[in-house]
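Let me give you the structure first, and then I'll get to my questions.
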Amino acid sequence: MTGTPTTKADRPARTYRTGPVTRVLRWISVLAMAAITAWLLIAYPSLPETVATHFGPAGEADDWGPKWSLMVIAGVMVLLSLPLAAISTRPRGFNYPVEITESNAQTMYREGERLMVWTLLGMQVLYLGIAWSVILGGGGALLVLGIAGLLGASILAIVRMVRAAR
């Protein structure tokens with residue numbers, strides 16, 4: 001395609017404003033991550049030395065390990081969530097399933113930002129499901145909902161981006 005940007009640095013600048021729903025969901029996700037992590041830290045001393053570490057398709061625990069493994073999960077969630085929240089505000093640098101042009105850039109950037117924010121939210125539902133299952137038991141529905149949310153966000157975003165590129 002002649003005259004279209006060939007690198008991320010050549011892409012058009014972002015000019016759209018992030019919608020209020022996307023902004024609120026980003027903040028809810030970050031606050032949820034902090035609250036879930038705090039809940040794990042507070043509950044940690046009272047947990048048994050062996051806790052559920054893996055859950056089957058129905059959300060039932062099917063493997064167990066040391067309780068310190070929860071701190072690994074908490075650390076991973078913090079190290080994934082905070083950068084993802086920050087990166088979601090810079091959609092110009094994302095990889096897209098279509099070429100970014102002057103005519104589709106703002107729509108693609110908006111969809112890319114939404115994808116990252118909904119992914120972040122799905123991660124927090126999954127994280128809550130893990131914490132709930134380990135601390136209280138019975139968080140299987142949240143685990144399934146979190147995974148479905150991650151898959152749904154990805155599929156919906158790709159479909160919307162491909163349609164927007166037409």
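The values are calculated or read from the model by the stated rules, or taken from the named source; none is laboratory data. The shown structure was predicted, so the numbers you read here are calculated from the model rather than taken from an experiment. Glycine gets a Cβ as well: all are built from the backbone with ideal geometry, and neighbour counts include every protein chain shown. These area figures cover heavy atoms from the full protein model, side chains too; ligands, DNA and RNA do not enter into them. Shrake-Rupley method; radii C 1.70, N 1.55, O 1.52, S 1.80 Å.
Would you check the accessible area of I87, probe 1.4 Å, heavy atoms only, in square angstrom rounded to 10?
Number for this one is 90 Å².
By accessible area of protein heavy atoms, probe 1.4 Å, what ranking do Y16, Y127 get, highest first? Intermediate values should be presented prior to the final figure.
On the way: Y16 25, Y127 0 Å².
So the residues, ranked largest to smallest area, are Y16, Y127.
Let me ask something else about it. If you fit an axis through the alpha-carbon atoms of helix 20-43 and take the longest principal axis of the Cα set of the chain, what angle between them do you get, 0 to 90°, nearest 10?
It is inclined by approximately 20 degrees.
Another one. Scan segment 1-95 for trypsin sites (Lys or Arg not before Pro) in coil per DSSP, keeping those whose Cβ has at most 13 other Cβ atoms within 10 Å, and list them by number.
Numbers: sites: K8, R14, R17, R23, R26, K67, R92; in loops: R14, R17, K67.
Hits after loop and neighbour filter: R17.
Taking the Cα atoms only, what angle lies between the long axis of helix 105-135 and the longest principal axis of the chain, rounded to 10 degrees?
0 degrees
Moving on. Given a cut-off of under 8 Å on Cα pairs at least six residues apart, what relative contact order in percent is computed for the chain?
Normalised by residue count, the contact order of the chain is 28 percent.
From zero up to wherever the largest Cα-Cα distance of segment 47-154 sits, split into 5 Å bins and tell me the percent of pairs in each.
2, 12, 18, 19, 16, 11, 9, 7, 4, 2, 1, 0
Oh, and also: So with the 1.4 Å probe, I'd like the accessible area per residue for the chain, rounded to whole Å².
Value for the chain: 56 Å² per residue.
Right, another one. Taking the alpha-carbon set of segment 72-128, what are its Rg and Dmax in Å?
13.2, 44
Something else now. Taking every pair of alpha-carbon atoms in segment 4-82, give the share separated by more than 17 Å as a whole percent.
Working: 2014 of 3081 pairs.
Result for the distance tail: 65 percent.
Which sequence of S46, S88 reflects their accessible areas, 1.4 Å probe, from the largest down?
Listed by decreasing accessible area, they come as S46, S88.
Of the chymotrypsin sites (Phe, Trp or Tyr not before Pro) in segment 28-77, which ones lie in a loop per DSSP and count no more than 16 other C-beta atoms within 10 Å?
Of the chymotrypsin sites (Phe, Trp or Tyr not before Pro), the ones in loops of segment 28-77 whose Cβ has at most 16 other Cβ atoms within 10 Å are W68.
Something else about it: With the full set of protein chains in place, find how many percent of the accessible area of segment 46-166 is carbon and sulfur; take the probe as 1.4 Å.
68 percent
Further, regarding this structure: Enter the angle in degrees (range 0 to 90, nearest 10) between the Cα long axis of helix 140-164 and the first principal axis of the Cα atoms of the chain, meaning the one along which they spread out most.
0 degrees
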